[in-house]
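Asks: Supplied in structure tokens, the structure appears directly below.
The values are calculated or read from the model by the stated rules, or taken from the named source; none is laboratory data. Remember, predicted model here, so these are calculated numbers, not experimental data. So basically every Cβ, Gly included, is an ideal-geometry build from the backbone, and we count neighbours across all protein chains shown.
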Amino acid sequence: MTLLPEQIGDLLGLSGLPAEIIGGLIGATIIGSIILANAALAGPWAKRKITAAFTDRISVNKFGPWGVGIIIPDAVRLLSKELIVPEGVDRPAWDLAPLIIASSALLGFAVIPMGSLGPIEFHLADPEIGLIFVFAIASIASLGLVMAGYASNNKYSLMGGLRAVAQNLAYEIPLILVGISVVIFAGSLQMSEIVAAQAQTLVELGPVDIPMWFAILNPFAFVLFLAANVAEVGRNPFDIPEAPTEIVAGYQTEYSSVYFVLFYLGEFVHIFLGGALIATIFLGGPAGPILPGFVWFLIKIWAVFLLTQWMRSALPRVRIDQLIEIGWKGLLVGAFLNLFLTAGIVGVLAI
Amino acid sequence: MSDWIAIGLLAVVAIAIPITMMVVSWLIRPSVPEQGKRATYESGEIPTGSSRTVRFNIQYYMVALLFVVFDVEAVFVIPWTVIFEEAVGEVGFVQAFAPMALFLVILLIGLAWAWRKGAVEWAKSPRANRQLID
């Protein structure tokens, strides 16, 4: 399996360092464009359509098929808004926060194997510490939230930022502990190895081979990871840093125009990054029958997106004190149990 | 090495995309400066004071201290998970599992102690309690 920069380098007939740099730059642009296209589809259109379906409304339906064309007027509308800089904001922290949130979420996709479409393999880089890299990059976003909360000079923003910290403290450890329990099965932190480990057959049911996806092997870990991931990306029922009915919009209260777009974009890319992580370490990555791997990968991340939107429509928000209790008394204990359980399963399988 | 070049280049692209959006927006957006609209939003009221002078209760302070302990612990667990399966094959399940189990149990005892002390809870502010009594 060759990575995307190498393939582009070969295609252009380059070798050595220029191949790595030019191939890498084109590859990175392709990956970035794929993610942006997904976020553009999700933010102005899919989110509205899904919420409308849950609440029995019609939503956007005028431009293009099923109203998909709304993306273009919406993008122009949002970008052409006046940027209002409130009094007393702490610059440049106030300007950097949206940049950090949008960039960090995009960067996480560097190590995600997105499967192949025809001859092209969508996988930018495959370092040996792939899984740790994703966790590290994904948690940079909370720095952006705190910066936004503090720099806005707004009491709602400050409370939103403080809540974001409390939430991340409560969920980061269960998320990592459950995530690395997968490594016990796979024996490697490299994303391609984790995907390869899930390609083995677990049991054969007649003509159908059930693959060794870690979600099937250890459903307990899968459920824990889903819950911790929803809190990590700050969606319902854990959207308390924003909590529109309590603290206006939390950390993004004072942001308008392009900065608001960047927050919005960052949030959606972050949901997709969470989905990509779930797909890669629990759902066999881009594996699936008949359809090409890249299509299966998109189906899986959109399934996770649909799940977050379903929860958004169906579940009430928890209180911050409840969240701390769920995180530290529920998920953390669950994560430790899962670690023992997984080690036990692997030990039994090895014997 | 080429992996990290590619990751670095994605970082460049990931920063270039928001900056491009900022530049496009800067080119097409209007600017109508006006004193009133720059006021901090406080639900339509005239804002009182700065948010930097507000004194707030960090109600998750104890949780934040615990977080450091468990975060460091996660760093120690990661290498063990990578070699665990191999180690089971070489030295047997008990040899591979017992040391880490002991380590985790010690941490869990610590968590149980913190739990009993009420450290893993959203601390109620004294003022909120006083209002309850009133």
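Asks: When you go through (1) out of contact with any Phe, Trp or Tyr (no Cβ under 8 Å at 6 or more places or on another chain); (2) closer than 21 Å to A:Tyr255 by Cα; (3) not charged (D, E, K, R) one by one for A:Ser59, which number turns out not to apply?
Replies: Unmet for A:Ser59, out of (1) out of contact with any Phe, Trp or Tyr (no Cβ under 8 Å at 6 or more places or on another chain); (2) closer than 21 Å to A:Tyr255 by Cα; (3) not charged (D, E, K, R): (2).
Asks: Continuing with the same structure: What single numbered condition from (1) facing chain B (nearest Cβ under 9 Å); (2) touching a residue at least 24 places away in the same chain (Cβ under 8 Å); (3) out of contact with any Phe, Trp or Tyr (no Cβ under 7 Å at 6 or more places or on another chain) fails to hold for A:Ile176?
Replies: Here A:Ile176 meets the rest and fails (3).
Asks: Hey, can you tell me all the residues within the stretch A:37-52 that are without any contact (Cβ under 8 Å) to a residue 40 or more places away in the chain and either of a type outside the set (A, V, I, L, M, F, W, C) or in contact with a helix residue (DSSP H, G or I) (Cβ under 9 Å, 6 or more places away or on another chain) (or both)? Working first, answer last.
Replies: So the first thing to find is which residues in the stretch A:37-52 are without any contact (Cβ under 8 Å) to a residue 40 or more places away in the chain, and the list is A:37, A:40-41, A:44-45, A:48-49, A:52.
Correct list: A:Ala40, A:Leu41, A:Pro44, A:Trp45, A:Arg48, A:Lys49.
Asks: Could you tell me whether any residue of the stretch B:113-120 is at pLDDT 80 or above, assigned to a helix (DSSP H, G or I) and closer than 18 Å to A:Val182 by Cα?
Replies: no
Asks: Can you tell me how many residues within the stretch B:81-112 are within 9 Å of chain A (Cβ to nearest Cβ), closer than 21 Å to A:Val178 by Cβ and either small (Gly, Ala, Ser) or surrounded by fewer than 12 Cβ atoms within 10 Å (Cβ to Cβ) (or both)?
Replies: Final tally of qualifying residues: 2.
Asks: Another question about this same structure. Just need a number here: residues in the stretch A:11-29 that are touching a residue at least 12 places away in the same chain (Cβ under 8 Å) and either aromatic (Phe, Trp, Tyr) or surrounded by fewer than 20 Cβ atoms within 10 Å (Cβ to Cβ) (or both).
Replies: Applying the first criterion (touching a residue at least 12 places away in the same chain (Cβ under 8 Å)) to the stretch A:11-29 yields A:19-20, A:22-24, A:26-28.
Keeping just the survivors that are either aromatic (Phe, Trp, Tyr) or surrounded by fewer than 20 Cβ atoms within 10 Å (Cβ to Cβ) (or both) gives A:19, A:22, A:26.
Residues that pass the stated criteria total 3.
Asks: Output the number of the condition that A:Pro65 fails; it satisfies all remaining conditions of (1) within 30 Å of B:Ile5 (Cα to Cα); (2) surrounded by fewer than 16 Cβ atoms within 10 Å (Cβ to Cβ); (3) not basic (Lys, Arg).
Replies: (1)
Asks: A:Glu121: within 20 Å of A:Ile301 (Cα to Cα) and acidic (Asp, Glu), yes or no?
Replies: Numbers: within 20 Å of A:Ile301 (Cα to Cα): yes; acidic (Asp, Glu): yes.
Considered against the rule, which asks whether it is within 20 Å of A:Ile301 (Cα to Cα) and acidic (Asp, Glu), A:Glu121 comes out as yes.
Asks: Within the stretch A:306-344, can you find the residues that are surrounded by fewer than 18 Cβ atoms within 10 Å (Cβ to Cβ) and away from chain B (no Cβ under 11 Å)?
Replies: Hits for the stretch A:306-344 are A:Leu306, A:Leu307, A:Trp310, A:Met311, A:Ser313, A:Ala314, A:Leu315, A:Pro316, A:Val318, A:Leu341.
Asks: Output yes when any residue across the stretch B:34-55 is touching a residue at least 12 places away in the same chain (Cβ under 8 Å) and either of a type in the set (Asp, Glu) or within 19 Å of A:Leu189 (Cβ to Cβ) (or both), and no when none is. Outline the logic, then answer.
Replies: So the first thing to find is which residues in the stretch B:34-55 are touching a residue at least 12 places away in the same chain (Cβ under 8 Å), and the list is none.
The answer is no; no qualifying residue exists.
Asks: If B:Pro30 passes every condition in (1) more than 8 Å from chain A (Cβ to nearest Cβ); (2) surrounded by fewer than 16 Cβ atoms within 10 Å (Cβ to Cβ) but one, which one does it miss?
Replies: (1)
Residues checked against (1) out of contact with any Cys (no Cβ under 9 Å at 6 or more places or on another chain); (2) closer than 20 Å to A:Gly266 by Cα; (3) more than 8 Å from chain B (Cβ to nearest Cβ):
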site	(1), (2), (3)
A:Pro86	yes, no, no
A:Ile100	yes, yes, yes
A:Ala110	yes, yes, no
A:Ser157	yes, yes, no
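Asks: Which helices (runs of 4 or more DSSP H) sit wholly inside the stretch A:229-343 and have at least 2 residues that are modelled with pLDDT under 90 and closer than 15 Å to A:Gln167 by Cα? Explain how you work it out, then say what you get.
Replies: On the way: elements: A:244-247, A:257-282, A:293-314, A:320-325.
By residue number, A:320-325.
Asks: So, A:Ala186, is that one among the hydrophobic types (A, V, I, L, M, F, W, C) and over 28 Å from B:Leu108 (Cα atoms) or not?
Replies: Judged against the criteria, A:Ala186 is not a match.
Asks: One residue is enough: does the stretch B:71-80 have a residue meeting the conditions farther than 15 Å from A:Gly179 by Cα and at the interface with chain A (Cβ under 9 Å from one of its Cβ atoms)? Break it down into steps so the answer makes sense when it comes.
Replies: Keep residues of the stretch B:71-80 that are farther than 15 Å from A:Gly179 by Cα, which gives B:72.
Adding the requirement that they be at the interface with chain A (Cβ under 9 Å from one of its Cβ atoms) leaves none.
There is no residue in the stretch B:71-80 that is farther than 15 Å from A:Gly179 by Cα and at the interface with chain A (Cβ under 9 Å from one of its Cβ atoms).
Asks: A further question follows. Given A:Asp126, A:Asp90, which one is under 19 Å from the mean Cα position of the chain (by Cα), within 9 Å of chain B (Cβ to nearest Cβ) and of a type outside the set (A, V, I, L, M)?
Replies: Values: A:Asp90 fails: under 19 Å from the mean Cα position of the chain (by Cα).
Matching residue, one of A:Asp126, A:Asp90: A:Asp126.
Asks: Within the stretch A:131-142, which residues are in contact with a helix residue (DSSP H, G or I) (Cβ under 8 Å, 6 or more places away or on another chain) and surrounded by fewer than 24 Cβ atoms within 10 Å (Cβ to Cβ)?
Replies: In the first step, residues of the stretch A:131-142 are kept if they are in contact with a helix residue (DSSP H, G or I) (Cβ under 8 Å, 6 or more places away or on another chain); the result is A:131-135, A:137-142.
Hits for the stretch A:131-142 are A:Ile132, A:Phe133, A:Phe135, A:Ile137, A:Ala138, A:Ser139, A:Ile140, A:Ser142.
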